[in-house]
Structures are given as C-alpha cells and as structure tokens.
Amino acid sequence: MESALAALPDVAQATVIAQRASSGEHRLIGHAVAASGAEVSALEMRDGWRKRCRSTASRPPYGSSTHSH
C-alpha cells in the first residue's frame, strides 16, 4: 500500500501506518509529501492510490504459479 502511494506521479515520499481507532478497529493512515512544484489534493492522491491498488491487486504475485492443482 505504501509503494502504491509513493508511486503516484506527484508524490515525492510516502508512508502508511496502522492506527487503532477508539472503536478498536484498525485503520491504515497514509501520509505523503508532494513532489517539488507539484500541487495535489488529498482527494487526487486517494483516487490515484485506489486505482493503483486495484490494478496491482488483479495481477498474480511475482513468481506465482498459474497452474491449477
């Protein structure tokens, strides 16, 4: 998830942390630094991150076998 956020074109640095909410559920919180001269909104980053995560989730993991057992 962190690499998907960092791979966005207008993001220079990114990190994702797990945080426990007061309800007890865990949430992932992303933090990003815009690239020099870039202007990007949180909404644009979120949408770009979601698109990137969807596209990578549809691919099998590197080195995985596609054979049925």
Checklist entry - If you scan the stretch 34-69, which residues turn out to be under 15 Å from A4 (Cβ atoms), modelled with pLDDT under 65 and polar (S, T, N, Q)? => result S58
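Before we move on, is A21 hydrophobic (A, V, I, L, M, F, W, C), in contact with a strand residue (DSSP E or B) (Cβ under 8 Å, 6 or more places away or on another chain) and closer than 21 Å to S55 by Cα? Before the answer, list the steps.
Working: hydrophobic (A, V, I, L, M, F, W, C): yes; in contact with a strand residue (DSSP E or B) (Cβ under 8 Å, 6 or more places away or on another chain): yes; closer than 21 Å to S55 by Cα: no.
Spelling it out, it is not the case that A21 is hydrophobic (A, V, I, L, M, F, W, C), in contact with a strand residue (DSSP E or B) (Cβ under 8 Å, 6 or more places away or on another chain) and closer than 21 Å to S55 by Cα.
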Next on the checklist: One residue is enough: does the stretch 5-24 have a residue meeting the conditions in a helix (DSSP H, G or I) and either modelled with pLDDT of 90 or more or surrounded by 14 or more Cβ atoms within 10 Å (Cβ to Cβ) (or both)?
Outcome noted: yes
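The values are calculated or read from the model by the stated rules, or taken from the named source; none is laboratory data. No experiment lies behind these values; they were computed from the predicted model shown. Cβ atoms come from the backbone with ideal geometry, glycine included; neighbour counts cover every protein chain shown.
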